[in-house]
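The values are calculated or read from the model by the stated rules, or taken from the named source; none is laboratory data. Keep in mind the model is a prediction, meaning the values are calculated, not measured. Counting neighbours? That spans all protein chains shown, and the Cβs are built from the backbone with ideal geometry, glycine included.
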Amino acid sequence: MGKRKINLAMSSVENREMRLGTIIAWDGKASELVEQSDYDSRSKNKEKGGCAGNGRKACRMCELYSPLNQQTMCANAIVECQIGNLTDCILIQHSPIGCAADNAWFNLAFKLGLTRRHKPIQNLQIFCTNLLEKDMVFGASDKLRQAIREAKERFNAKAIFISMSCSTAIIGEDIDSIADELEPEVGVPVVPLHCEGFRSKHWSTGFDISQHGVARQIVKKNPVKQPDLINIVALWGSDYFTDMLKPLGLRVNYMIDTASYDELAQASEAVATATFCHTLGSYMATALEQHFGVPQIDAPQPYGFAATDEWFRAIAKIVGKEEETEAYIQAEHERVMPKILELREKFKGVKGFVMTGSSYSHGLISVLRELGIEVQGSIVFHHDPVYDSGAEHQNTLKYLVDNYGDVPHFTVSKTQAFQLPQVFRRVETDFVIIRHQGLAPEAAKLGIPALAMGDEHIPVGYDGMIRTGEILLDILARKRFNQVLQRHVDLPYTEWWQAQNDPFLLSKNPEILDEVLEQAKERKGA
Amino acid sequence: MAKTQTKSGTIVHPHYGCTVGAAYSVAAIKNAVPIANCGPGCMYKQFFLLSFDNGFQGSAGAGGGNVPSANVGENDIVFGGEKKLDDLIKSSLAVLKGDLFVVLTGCSGELIGDNVESVVRKYQEQGFPVIAAQTGGFKGTNLTGHEIVIEAIINQFVGDYDGEKEQGLVNLWFDVPYFHQNWRGDYLEIVRILRASGLKVNVLFGAQSGGVEEWKQIPKAQFNLVISPWVGVKTAKLLERKYHQPFLHIPEIPIGEEATTAFIRKVVEFAGIDKAKSEAFIKEESDLYYYFLEHFAEFFSEYWFGLPSQFAVVGDSAYTLAYTKYLASQIGMIPVAQIITDNPPERYRESIREHFHNLAEGVSVEPEFIEDGYQVEQKLKETDFGSGIPLILGTTWESDVVAEKGGLLIEVGPPTTEEVTINKTYIGYRGAFTLLERIYSAAVGGK
C-alpha cells in the first residue's frame, strides 16, 4: 500500500480524531504525552495506509471524559475565520442566523489583519441564509441557490464557499449537488465545506476543511513555478515573515486569512510551504506537497534560537542557499543576543503559563524559557499525536521536551474555565498567555494577568523572543489590577468545587457528583 | 416572523443573534445560570455579537463567555443527547453557584427531538431549581428567545399565585440585557427615576435587581411596565392572564427632560400613587437638566466650524425610535434615514411607524424595516444628508459606508467594536447629556 494521501476527490474531510488520533482531555507531564503520542510509529502507520488515528484500538490514546463542559468553538466558526476572511471571495453560511453571530469577531480580526498586511481596510461580507422554522420542515435549498446568485451579483465574488451548519446537516441539505448545479451558472468556483459544528470533537478540523476546499477547488492545477515564492500558512499575524525571508531571496504568500483568490490560487506555484503552527498548517502543507509537488518545511516551528535555526536551514536547503543562510543565522544571533540577555536579567524568578492551541503552545513555551521564564504548566485545547505530514522533524512537543526540558503539568482541555482554580493551585505563575476566549477573565479573578496573543506572529523568529519579552513587561505591571480584582470579586463556583484540588476530578470520579447533590438536598431539607 | 426584503431572506452583516442568544438574558439575572443544550460553537457565536463585540460588555458570575454547554456531537445526534445533558445538569449544579438553572435547547436538540423536559423534571422533582426553554436558533432572533426564556421562567419557576398584590410595586420590562449594550446604565437610570417617583421596582435584570428571589415576587406586583415598542408586550400579556396584573405599555424610551417628565407622569397616573413625591423629583431633575442645557447651548449656538445636522439611525425598534425622537424633537436635528433591523412582528409595525410620523410638531419620517445589512448600507449610500457632515448612530457594520460618505459613526448597537461600555446610558434625565457629549465630542474631532 502506498502512502495514505489526502483525498481531494472527496468534498469532505475525515475528522482529526479519526485521521490523527486527536484528543481533547488529558493531564500529565509533557514527556508522558510525547511517549503516549508515539509520533514516529503513527507517522509510519500513516505512510503505510494504516492507523494513525483512532481507527483501531491499539492506536487510540487514553482520554478523559468530562461530564461538565463549557462553551467552545466549533468547526463552523473556524471556517468563518478562514474562508470568511478572504478579500474577494464570499462565504455563505447555510444556517439559521445564530451561526453568523460571531461574524463581528472575525471582522475585527480581519480588519486588523488587513492593516498588518498593508491591504485596504474593509468589513468582511459573509452571507447567512438565515433559515427559519419552516425551512427546517420544507428544506432550504432554494434559499441557498438564491444566496449563491446574490453573492455573485452583489460582490462579483471570485469564488463562493458554502458552509454547513448543525441544522442544515441534520435536515440533510445537499450542498454538494447545489454547488455543482450553480457553478456553471455563476461562472466561478462554488465550494462546499462540510463543517457542521457537531461533526468533530475539536474545532481544528475546521482548519482542515477550509484548507481542503481551497486545495481542491481554488489552487491552480497547472502551476507555473515562481521560484521566489514561499507559502506561509497563517492567520492574521503581522507580516514579520517578509523581513525574515528576504535574505533568502523569498517573497511571502500568506494563506488563508486576508488573502485574495489569486494569492490562494498561486499556492501551487510556490517553492515551499511553511507555517507558524503545525496544528494550523499541516493539512494545507501536506495537500500542496502531495498533490502539487510543493515541498513543506520539515522542521520544528520557528520559536527560540535552535528551532528558528533549523527552520531557516530547512528552507535554505530547498532554495539552495545553505551557505548564505549559515552566515545570516550567525549574524542574527549576534544581533539579538544582547537584548535577550538584558531581558533574561529582568525575568529572573518570573514564572509563566501558556493556554493556547496545541503546537503553538509548544513554541511559546520555548520562547518563554529562552527568556529565562520558568514554565511549570500549560493548557492546550487539543493534542494531535501526529500531524498530517508525519514529517520527522515536526514533532513539536518532543522538540520542546528534548531541548527545553519537561513541562510538569501539561493539560489537554478544551477551554474549560472551571478547572482553572485547581490548575493555578498546583502551578505558580505570574502571568498567562492566552488565545481563545473565556480563560483570561477567569485567570484575572485569580489574580493573574493575561497576555492575549492576538497577533500570533509576535513570538516568531529571533526578534519574536524580544517582542514577546517586551510585551510581557507591560503585562506583568497589570498584576496590580488583578490583585484588586482578586481582593473584591468572587469566583462563580460552589465552595465544594473550590475546595477540590484535581481539575479533572469530575472525569476521574464522576460518582462524586451524586454525593454532592445528595448533600445539597439534605442541606435544603434541613 | 415577518418577511425579510431580499428574495432569499439572506442576511449579510447581522444585527441580531438567534433565539438561543437568550442565554445572555439568563446570565443577566443575578444568581441564575444558563445551561446550553447546544452545539459546541453556539454560545461562542452568541457571546461575540451580544457581549464581547457589543461594547466589550463583559459578564459576571457563571454566564458570559463560559456558559456550561452540552457541546452536542455526532454521537449525540445519532444516539440522542439526553445522557450528556443529564451529566451536564448534574455537574453544573455541583460546580456552579446558582439559585436558578435554565436549560436552553438549540437547533440540534430540537431537531433530533431530545426529551429535555424529562431530564429536567428529574431534577425538579428532587427540588433543584432547573427549568427548560425550547430555543432552537431557527425560531428567530435573540429577542424572540428573550421572551421565550422569560415565559419559561414564569411558568416553570415563578409558578402560580393568588395572594395579595402590593400597591406601588411594578415589574419592569425594559432593555434586553446584553443586546442593548448600555443596558446596565439604562436600568440604573430608569430604576432611579421610578424609585424617586415613589414606586417600588422588581428590576429583574442587572446590578440593582434582587436576582432570582426577586423573580418570585413578580406575581405580587400591582402592574407591569413595558418600555419598548414591542419586546415585553407578550410577557405582559402572559402576566395579565396568569396573575391578573394590568400592564402599562410605553413604546418610547424617554430621553431628555420633556420625555422623561411625561413618562413619569404617565406611570404615576397609572399606578395611582401620590404625586407629591414624583412632582418634587421632576422639579429637581428639570432644574438640573436646564442648568446643563443652558451651558451646552453656548457651544451649540456658537461653534464656528460646523456641526452635523442630518442624521440616520440603524438599530432595533426601541432605540431607533428613542434616539430619533430625542435628536429630532429636542435638539432640532433632521432625521433622514431611520432603519429598524430587529424584525418586529408585523402586528406592531403600524404603531411603530406612527411614532415616527409624529416625532414633533411638523417632524415626520418614514422608518424602514430592513434586516439585511447589505441593504441597510445601500440605503445609507443613497441617502442625502444635505450640506453638513452625515451623522449615523449605528453599528460597526455601517463603518465602511459611513467612511465612504465622510460621516460620523457613533456605534450604539450590536456589533460595536469601537466603543467600550462599562456603565453608560443615553436615556432619561441624566443619560441625555452623555449622548450629546458623545455625539458632539466626535463632531469636534474627539472621535
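Check off (1) at the interface with another protein chain (Cβ under 7 Å from one of its Cβ atoms); (2) surrounded by fewer than 24 Cβ atoms within 10 Å (Cβ to Cβ) for residue B:65 and give me the number that stays unchecked.
Result: residue B:65 fails condition (2) only.
Can you tell which of B:395, B:383 is in contact (Cβ under 8 Å) with a residue 12 or more places away in the chain, outside the structural domain of residue B:179 (by TED's automatic domain parsing), surrounded by 14 or more Cβ atoms within 10 Å (Cβ to Cβ) and within 20 Å of the chain's Cα centre (by Cα)?
Every option except B:395 fails the conditions.
Would you mind telling me which numbered condition in (1) in a strand (DSSP E or B); (2) more than 24 Å from residue A:520 (Cα to Cα) residue B:102 fails?
(2)
Residue-wise test of (1) within 12 Å of chain B (Cβ to nearest Cβ); (2) in a loop (DSSP other than H, G, I, E, B); (3) touching a residue at least 60 places away in the same chain (Cβ under 8 Å).
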residue: A:146; (1), (2), (3): yes, no, no
residue: A:154; (1), (2), (3): yes, no, no
residue: A:162; (1), (2), (3): no, no, yes
residue: A:168; (1), (2), (3): yes, no, yes
residue: A:181; (1), (2), (3): no, no, no
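Looking at A:463, A:490, A:502, can you tell me which residue is among the acidic types (Asp, Glu) and more than 14 Å from chain B (Cβ to nearest Cβ)?
Going through A:463, A:490, A:502 in turn, the sole match is A:463.
Here's the yes/no breakdown for (1) in contact with a strand residue (DSSP E or B) (Cβ under 6 Å, 6 or more places away or on another chain); (2) within 30 Å of residue B:373 (Cα to Cα):
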site: B:261; (1), (2): no, no
site: B:269; (1), (2): no, no
site: B:283; (1), (2): no, no
site: B:295; (1), (2): no, no
site: B:302; (1), (2): no, no
site: B:312; (1), (2): yes, yes
site: B:316; (1), (2): no, yes
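Checking the conditions here, which among A:456, A:428, A:470, A:495 is among the acidic types (Asp, Glu) and surrounded by 18 or more Cβ atoms within 10 Å (Cβ to Cβ)?
Only one candidate passes the filter, namely A:456.
Go through the stretch A:57-88 and give me each residue that's assigned by TED's automatic domain parsing to the domain that holds residue A:113 and over 22 Å from the mean Cα position of the chain (by Cα).
Within the stretch A:57-88, A:88 is the sole residue that qualifies.
Being over 21 Å from residue A:313 (Cβ atoms) and aliphatic (A, V, I, L, M) narrows it down to one of A:255, A:244, so name that one.
Answer to the selection: A:255.
Checking residue A:397 against (1) within 16 Å of the chain's Cα centre (by Cα); (2) assigned to a loop (DSSP other than H, G, I, E, B); (3) farther than 30 Å from residue A:491 by Cα, only one condition comes out false. Which one?
Checking residue A:397 against (1) within 16 Å of the chain's Cα centre (by Cα); (2) assigned to a loop (DSSP other than H, G, I, E, B); (3) farther than 30 Å from residue A:491 by Cα, the one that fails is (2).
Kindly check whether there is at least one residue in the stretch B:144-161 that is touching a Cys at 6+ places or on another chain (Cβ under 8 Å), in contact (Cβ under 8 Å) with a residue 60 or more places away in the chain and not in a loop (DSSP other than H, G, I, E, B).
Checked against the condition, which is being touching a Cys at 6+ places or on another chain (Cβ under 8 Å), in contact (Cβ under 8 Å) with a residue 60 or more places away in the chain and not in a loop (DSSP other than H, G, I, E, B), the stretch B:144-161 yields at least one hit.
Being at the interface with chain A (Cβ under 7 Å from one of its Cβ atoms), within 21 Å of residue A:102 (Cβ to Cβ) and not small (Gly, Ala, Ser) narrows it down to one of B:49, B:93, so name that one.
Working: B:93 fails: within 21 Å of residue A:102 (Cβ to Cβ).
It is B:49.
Restricting to the stretch B:249-259, count the residues that are over 13 Å from residue B:327 (Cα atoms) and either assigned by TED's automatic domain parsing to the domain that holds residue B:348 or assigned to a strand (DSSP E or B) (or both).
2
Among the residues of the stretch A:95-122, count how many are surrounded by fewer than 22 Cβ atoms within 10 Å (Cβ to Cβ), within 11 Å of chain B (Cβ to nearest Cβ) and either assigned to a loop (DSSP other than H, G, I, E, B) or touching a helix residue (DSSP H, G or I) at 6+ places or on another chain (Cβ under 6 Å) (or both).
Residues flagged as surrounded by fewer than 22 Cβ atoms within 10 Å (Cβ to Cβ), within 11 Å of chain B (Cβ to nearest Cβ) and either assigned to a loop (DSSP other than H, G, I, E, B) or touching a helix residue (DSSP H, G or I) at 6+ places or on another chain (Cβ under 6 Å) (or both) within the stretch A:95-122 amount to 3.
Out of A:379, A:448, I need the residue that is touching a strand residue (DSSP E or B) at 6+ places or on another chain (Cβ under 7 Å) and within 19 Å of residue A:277 (Cα to Cα). Which one?
Numbers: A:448 fails: within 19 Å of residue A:277 (Cα to Cα).
That would be A:379, the only listed residue that is touching a strand residue (DSSP E or B) at 6+ places or on another chain (Cβ under 7 Å) and within 19 Å of residue A:277 (Cα to Cα).
Going by the conditions given, is residue B:405 over 23 Å from the mean Cα position of the chain (by Cα), assigned by TED's automatic domain parsing to the domain that holds residue B:341 and under 22 Å from residue B:342 (Cβ atoms)?
Values: over 23 Å from the mean Cα position of the chain (by Cα): yes; assigned by TED's automatic domain parsing to the domain that holds residue B:341: yes; under 22 Å from residue B:342 (Cβ atoms): no.
It is false that residue B:405 is over 23 Å from the mean Cα position of the chain (by Cα), assigned by TED's automatic domain parsing to the domain that holds residue B:341 and under 22 Å from residue B:342 (Cβ atoms).
Which residue, of A:78, A:92, is at the interface with chain B (Cβ under 10 Å from one of its Cβ atoms), in a helix (DSSP H, G or I) and β-branched (Val, Ile, Thr)? Please lay out each step first, then the result.
Details: A:92 fails: in a helix (DSSP H, G or I).
Every option except A:78 fails the conditions.
Do the conditions hold for residue A:245, that is, is it at pLDDT 95 or above, aliphatic (A, V, I, L, M), assigned to a helix (DSSP H, G or I) and buried (at least 24 other Cβ atoms within 10 Å of the Cβ)?
In short, no.
Considering only residues that are within 14 Å of chain A (Cβ to nearest Cβ) and not in a helix (DSSP H, G or I), which ones fall in the stretch B:105-126?
Correct list: B:105, B:106, B:113, B:114, B:126.
Looking at (1) surrounded by 22 or more Cβ atoms within 10 Å (Cβ to Cβ); (2) under 21 Å from the mean Cα position of the chain (by Cα); (3) in contact (Cβ under 8 Å) with a residue 24 or more places away in the chain, which one does residue A:361 not meet, given that it meets all the others?
Residue A:361 satisfies all of (1) surrounded by 22 or more Cβ atoms within 10 Å (Cβ to Cβ); (2) under 21 Å from the mean Cα position of the chain (by Cα); (3) in contact (Cβ under 8 Å) with a residue 24 or more places away in the chain except (3).
Starting from the stretch A:509-523, take each residue that is at the interface with chain B (Cβ under 8 Å from one of its Cβ atoms) and list its partners that are not polar (S, T, N, Q) and not in a helix (DSSP H, G or I), counting only C-beta distances under 6 angstrom and pairs at least six apart or across chains.
Short answer, once both residue conditions are applied: A:510/A:67.
Pull up the stretch A:417-445, narrow it to residues that are in a helix (DSSP H, G or I) and small (Gly, Ala, Ser), then point me to the one that is farthest from the other protein chains (Cβ to nearest Cβ).
Applying the filter and picking the extreme gives A:443.
Considering only the stretch B:216-245, state which residues are crowded, with 19+ Cβ neighbours inside 10 Å and within 18 Å of the chain's Cα centre (by Cα).
Across the stretch B:216-245, the qualifying residues are B:224, B:225, B:226, B:227, B:228, B:229, B:230, B:231, B:232, B:233, B:235, B:236.
Let me spell it out: the conditions are (1) outside any helix (DSSP H, G or I); (2) within 14 Å of another protein chain (Cβ to nearest Cβ), and residue A:206 meets all of them except one. Which number is the exception?
So residue A:206 meets the others, but not (1).
Against the definition (assigned to a helix (DSSP H, G or I) and either touching a residue at least 24 places away in the same chain (Cβ under 8 Å) or on the phi > 0 side of the Ramachandran plot (or both)), how does residue A:372 come out, yes or no?
Spelling it out, it is not the case that residue A:372 is assigned to a helix (DSSP H, G or I) and either touching a residue at least 24 places away in the same chain (Cβ under 8 Å) or on the phi > 0 side of the Ramachandran plot (or both).
Identify all residues within the stretch B:219-248 that are in a strand (DSSP E or B) and either out of contact with any helix residue (DSSP H, G or I) (no Cβ under 6 Å at 6 or more places or on another chain) or modelled with pLDDT under 95 (or both); write none if there are none. Please lay out each step first, then the result.
Quick first cut of the stretch B:219-248, residues in a strand (DSSP E or B) only: B:221-227, B:247-248.
Scanning the stretch B:219-248 gives B:221, B:222, B:223, B:225, B:227.
Could you look through the stretch A:388-416, keep only residues that are surrounded by 24 or more Cβ atoms within 10 Å (Cβ to Cβ) and of a type in the set (A, V, I, L, M, F, W, C), and pick out the one that is farthest from the other protein chains (Cβ to nearest Cβ)?
Here the residue is A:400.
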